[in-house]
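The values are calculated or read from the model by the stated rules, or taken from the named source; none is laboratory data. Small disclaimer: the values here were computed from a predicted structure and weren't measured. In this analysis, Cβ positions are derived from the backbone assuming ideal geometry, glycine residues included, and neighbour counts consider all displayed protein chains. Heavy atoms of the whole protein, side chains included, go into the accessibility calculation; ligands, DNA and RNA do not. Shrake-Rupley method; radii C 1.70, N 1.55, O 1.52, S 1.80 Å.
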Amino acid sequence: MSAPAPLAELHEALRSDQPIEVLDASWEAFDLGAQAADAVAWTDGFDELQSLAAAQICTEGRDMFFPPQTGSPPPLPESRDEALDSCAELLRHVHRALIELSNHPQVPTDSVLNAAALAEKAALSLESIRTP
């Protein structure tokens, strides 16, 4: 699945060799995940408790970072299903990027690995919001 244009920019930032770009994109990804979960919390076809849990995990991950100092947050895709899928994919990319970033000498390894684990957990949580 190709990412919507604004989210594609975050995917690109997660591939950066500049730690600050990866950290900023990680903050944005967690924030978007929380927004996507909140958007479906009380909607038919989605599990309310799982939505709240996903939003909480994303917020916990976002709070591990400072908000970006530049730019503006990208919008979520309009379709709720696409927003959930795109955010889950983005958070999986955050997971991979943070694991790679943990090898950088100027980055606190434990904190980055904890955030990477939350990104994976958030992705799984977003994927499980839909009710059968």
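Between amide H atoms placed 1.01 Å from N, distances below 5 Å from R130 occur with D47, all of them 5 or more places distant or on a separate chain. As an equivalent ellipsoid, segment 89-132 spans semi-axes of 25, 9, 4 angstrom, where each value is the square root of five times an eigenvalue of the C-alpha gyration tensor, largest first.
Report summary: the helix-based calculation at 222 nm, which adds -39500 (n - 2.57) for every DSSP H run with n ≥ 4 and divides by the residues of the chain, gives -22500 deg cm²/dmol.
Magnitude of the Cβ-charge dipole of the chain, K/R +1 and D/E -1, about the Cα centre, nearest 20 debye?
Its charge dipole is roughly 220 debye.
At q = 0.15 Å⁻¹ the log10 of I(q)/I(0) for segment 1-61 amounts to -0.52, computed by Debye summation with a single uniform scatterer per C-alpha, solvent ignored.
What length, rounded to one decimal in nm, is gained on full extension from D38 through to N103, with 0.36 nm per residue of separation minus their alpha-carbon distance?
Gain in length upon complete extension: 20.1 nm.
Based on the Cβ-Cβ distance of D17 and D47, what FRET efficiency does E = 1/(1 + (r/R0)^6) give at R0 = 35 Å, to the nearest 0.05? After rounding to 0.05, the efficiency reads 0.35. Going by accessible surface with a 1.4 Å probe and the largest first, I129, I99 read I99, I129. Our summary gives the chain a relative contact order of 32 percent, counting only alpha carbon pairs under 8 angstrom and 6 or more residues apart. Gain on full extension, evaluated as 0.36 nm per residue between E82 and N114 minus their Cα-Cα distance, stands at 8.8 nm.
Computed over all pairs of different Cα atoms, the Kirkwood value for the hydrodynamic radius of segment 39-91 is 12.6 Å. Computed from the C-alpha gyration tensor, the three semi-axes of the ellipsoid equivalent to the chain are 24, 15, 12 Å, from longest to shortest.
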